[in-house]
Every structure is written in C-alpha cells, then in structure tokens.
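Here the structure comes first, spelled out in structure tokens, and everything after it is commentary.
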Amino acid sequence: MTDDFRTSLTNAPGKESYPIVSFTWFYVPVHRQDLQRSHAVKEYLSWVYASGQEIAQAQGYVPLPPRFCKRCARQWPRFSKLL
C-alpha cells in the first residue's frame, strides 16, 4: 500500500486469499457543515478502527490488519481538521 493508501486487492497472493474483494468508502466533506455531525463522524471513525474491528470479525467479516488501523490513526489529525 502506498503512502496515500492506494492499493489493489484483486488477485492477492496467498493460499487463503479471495480473488475478488473491494473497499467500502466513507466520504468526508472537505468543509464541515455542522459541528454535531462532525463530532459524530469523528466518533464513528474512531470506533471503526478500534472496537469496530472486533465486532466485524464476530460477524464473519475480515478485520483490517492492525498495522493498517495504526496507519489510519496516524493520519487522523490531518483528517480531523476537515471535520
């Protein structure tokens, strides 16, 4: 994965890899529209990269790799300024 998070998930190597996968995108407006919504988005994204991973796995989804979640957390201050 590149520094700007671009990557291809198609035909990943490995015996246990699934050949067709995709991302789910979450778009955040460049300019905040209201403070309450901004706070909710921050809380949601914080949850996604922490306890949300455990819940997803319990529901049969593949969790994000821990190093990816840490990388997202390091980028969070940059995105927080938009919210």
Check your understanding: Only one of (1) at positive phi; (2) within 11 Å of the chain's Cα centre (by Cα) is not met by Leu64, so which one is it?
Key -> (1)
Study note, to complete from the structure: Just one listed residue, out of Tyr49, Tyr18, Tyr44, is among the aromatic types (Phe, Trp, Tyr), surrounded by 10 or more Cβ atoms within 10 Å (Cβ to Cβ) and in contact with a helix residue (DSSP H, G or I) (Cβ under 8 Å, 6 or more places away or on another chain), and it is Tyr49
Practice item. Please verify whether segment 22-41 includes one or more residues that are assigned to a helix (DSSP H, G or I) and among the charged types (D, E, K, R). Key: yes
Study note, to complete from the structure: Counting only residues that are hydrophobic (A, V, I, L, M, F, W, C) and open to solvent by 100 Å² or more (accessible area, probe 1.4 Å), segment 61-76 contains a total of 1
Study note, to complete from the structure: Flagged in segment 23-41 as open to solvent by less than 100 Å² (accessible area, probe 1.4 Å) and among the hydroxyl-bearing types (Ser, Thr, Tyr), in numbering order, are Ser38
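Condition check ((1) on the phi > 0 side of the Ramachandran plot; (2) modelled with pLDDT of 80 or more; (3) in contact with a Cys (Cβ under 6 Å, 6 or more places away or on another chain); (4) aromatic (Phe, Trp, Tyr)) across all residues:
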| position | (1), (2), (3), (4) |
| --- | --- |
| Phe5 | yes, no, no, yes |
| Leu9 | no, no, no, no |
| Tyr18 | no, no, no, yes |
| Ser22 | no, no, no, no |
| Trp25 | no, no, no, yes |
| His31 | no, no, no, no |
| Arg37 | no, yes, no, no |
| Ala40 | no, yes, no, no |
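The values are calculated or read from the model by the stated rules, or taken from the named source; none is laboratory data. A quick note: this is a predicted structure, and the numbers were derived from the prediction, not measured. Backbone-built Cβ (ideal geometry, glycine too); neighbour counts: all protein chains shown. All accessible areas refer to the heavy atoms of the entire protein, side chains included, with ligands and DNA or RNA removed. Shrake-Rupley method; radii C 1.70, N 1.55, O 1.52, S 1.80 Å.
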